[in-house]
Structure formats: C-alpha cells, structure tokens
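First the structure, in the form of structure tokens, and then the observations on it.
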C-alpha cells in the first residue's frame, strides 16, 4: 500500500488515491489506437494533471509484503522540477540506505544508487503516477520490449489461467512474467514470480 503526500503551490493537490482502480483499467480490452490518447488524457486529467506544474515535492512510501514473510518499505521524496530524489530504505543485502541525489548526475553516484535505488525509484514512481504515465509515455516498451505495466498484467493473466485450470497458459504467462520481472530488475515481482510453482 502506498501513502502519498504532495506539496503544491496554492491550493491545488493531486488526486492520487484510487490509483489501484486506475490500474484495473489495464486489464480491460485494448482501445483502438485512435481512442488511446483520448482515454489516457481523460484519466490523467481526472487524477489532477492540470495541477502537476504546481507540484514542488511528492512524498510516498511503498510497503510490500512478499511471499515468505519478507517485507520491503521504500520511503521516497521526489522534487520533479529539480529531479532530486531522497530514499530511505534497504538495499538488496538488507543494509539501511539513506541517500539524496539528482537523477541528472546519476553517473557520479555509488553503485547502490545506480543499480538498486534509482531503478527501484523508477518502478515505484511509475506505479505511483500511473495515470499520468499512461499519457506521458504511453507505457512505452523497454529495451526488452516489455512495458512495466505488462509485468503486472502477466502476473494477473497467469493467476487467471491457473484459476481456470489452464496449466499450459499458466506456465507460459508465469515464465514470461519471471523473465520480464528479471529483465527490469523489479525485486518484488521477481520474488512473486519465483514463488509461483
């Protein structure tokens, strides 16, 4: 679950609660190419796109419970105008990490920031602002050809196939889910994928 606090100039605020409901739209049948920009714009506007330019700082926390009792808690503070990110959480080895960095100067950061913190920021920020990303980047594929939103869809499709008793489709979606999560380095999805037998 994510707790989100925004700081804005004036009285405008982002309407981010209900993000999961917007995520469910991804499971709906695809709209035609002509309809997609209009739908994406409507969704983004409904979640406060008109106030985005007033956002100074976005603070949010991702708490994830993984199979086997492992939990991940990432606390973020992001200033979109300066692209400054603050992180308070743990690295993959379980060591506490507190860091503030500018994404424009990522090359000068430690390997932990470059290889663990910033990719996790990109993932968490993507899902936190999903209604905007639908418009901003159209959920464009990564170098591996997998849009981040498709990782969740692959998981859901595999679970649905198993519930329907279609083991062949389940294994296909599960394997694609594992490969995609691994290629994107999404630790939580990687753990969930590995727990799928």
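Read-outs: derived from the displayed coordinates by stated rules, not from any lab. Remember, it's a predicted structure, so these values are computed and weren't measured experimentally. Quick reminder, even Gly has a Cβ in these numbers, built from the backbone with ideal geometry, and neighbours come from all protein chains shown.
General remarks:
- Relative contact order %, segment 148-195, counting alpha carbon pairs below 8 Å whose residues are six or more apart: 34
- Within segment 68-100, backbone nitrogen closer than 12 Å to the virtual label 7 Å beyond the Cα of residue 61 toward Cβ: 73-76, 88-89
- Segment 51-197, Rg to Rh (Cα coordinates; Rh as Kirkwood inverse mean 1/r): 1.00
- Cα gyration tensor shape for segment 148-195, rounded if a/c is under 1.5, else prolate or oblate: prolate
- Highest-first arrangement of 157-170, 44-57, where packing means the average Cβ count within 10 Å: 44-57, 157-170
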